[in-house]
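First comes the structure, then the notes that go with it.
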Amino acid sequence: MNKIWKMLTAAIFCAALMIPGFSRADAALKLAVVPLIIGENVEDDAGIKPIAYSSVVGELFQYPDYDMVEAEPVRKAALAQQDHLFSKDGLTAVARATGADVVIAMSVDTFDVTEDQMRREPVTMLNFRGKFATINMLNGKYVEDHYRFRDEMESGAIHPKYDYPHQRFRYLCKRELNKAVKNNKIK
C-alpha cells in the first residue's frame, strides 16, 4: 500500500510540474510585426536596415511568450492601410486582418550619415528619424512615437569592418522595441 501512495504522489507531482507548461503555450501572445517601412529618400542598397530590425525582433520576441503571425498576411494587411498604417485605426485593421493580439510598426524617414572634416579630429555624425507605433488589442492601448536619434563618433576610432551607422540603428530598434514592451505592457 505504501508503494502505491508513493507512485500516486510522484504522478501528482509530475502533473503539477507539467501544467504550467501547457497553460503557457496556450497563453502565447500573437504578435504581428509589420516589415520595416523605409522612406523614399532613404537609401538602403544592401538591405541592412530591415535585417537589423528583424534580428532585434527575433531576439526580443521568442516563442514561448510570443507567437509570431506569418509575414505575408501582415504585409498584405499593412499595404491595404498605406497612409493610415500608423494611426490607431490602421493598426487595429492590421490586427483584425491577421488575428493578432499586438501589432508593431516602424518606419525610417531619415537615415543621414555625414562626415565632418572641419574639426580637429574628423567626426561621423548620424541623424535618424521615423515613426514607431504599437497597439495591444487585449487592453486597447495604442502608442505612437516619432523618434529622433543623433549620435557622433570620431571617424578614426571606427574600425573599417565595423558598420557604425547600422550598429547604432540596431541599438535604436532595440531601444524602441523595449520601450514598446514596457509602455504597452506587451508581456
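The values are calculated or read from the model by the stated rules, or taken from the named source; none is laboratory data. Keep in mind that what you see is a predicted model, and the values were worked out from it rather than measured. Note that we place each Cβ from the backbone using ideal geometry, even for glycine, and neighbour counts take in every protein chain shown. Protein only, heavy atoms only, side chains kept; ligands, DNA and RNA dropped before computing areas. Shrake-Rupley method; radii C 1.70, N 1.55, O 1.52, S 1.80 Å.
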Check your understanding: Which length gain, in nm to one decimal place, applies between E43 and L79 when the Cα-Cα distance is subtracted from 0.36 nm times their residue separation?
Key -> 10.9 nm
Check your understanding: Using the per-residue mean of other Cβ atoms lying within 10 Å as a proxy for protection, in what order, highest first, do the peptides 90-98, 173-181, 120-128 fall?
Key -> 90-98, 173-181, 120-128
Point to revise | log10 of Debye I(q)/I(0), alpha-carbon scatterers only, for the stretch 64-126 at 0.18 Å⁻¹ | key: -0.67
Check your understanding: So what are the ³J(HN,Hα) numbers for the stretch 116-133, from phi and the Karplus equation (6.51, -1.76, 1.60; θ = phi - 60°), rounded to whole Hz, Gly and Pro as x?
Key -> 9, 8, 7, 8, 4, 10, x, 10, 9, 10, 10, 9, 10, 9, x, 10, 9, 9
Point to revise | Nitroxide proxy distance, nm - points 7 Å out along Cα→Cβ at K88 and D65 | key: 2.6
Practice item. Over all alpha-carbon pairs of the stretch 70-187, lay out the pair-distance distribution in 10 Å bins, whole %, shortest bin first. Key: 13, 36, 27, 15, 8, 1
Review point. Considering only Cα-Cα distances, which of the following residue pairs are longer than 26 Å: K76/K182; K30/K76; K30/K141; K88/K182; K131/K182?
Key: K76/K182
Exercise for review: Please arrange H166, H159 by accessible surface area, largest first, computed with a 1.4 Å probe and ligands excluded.
Suggested key: H159, H166
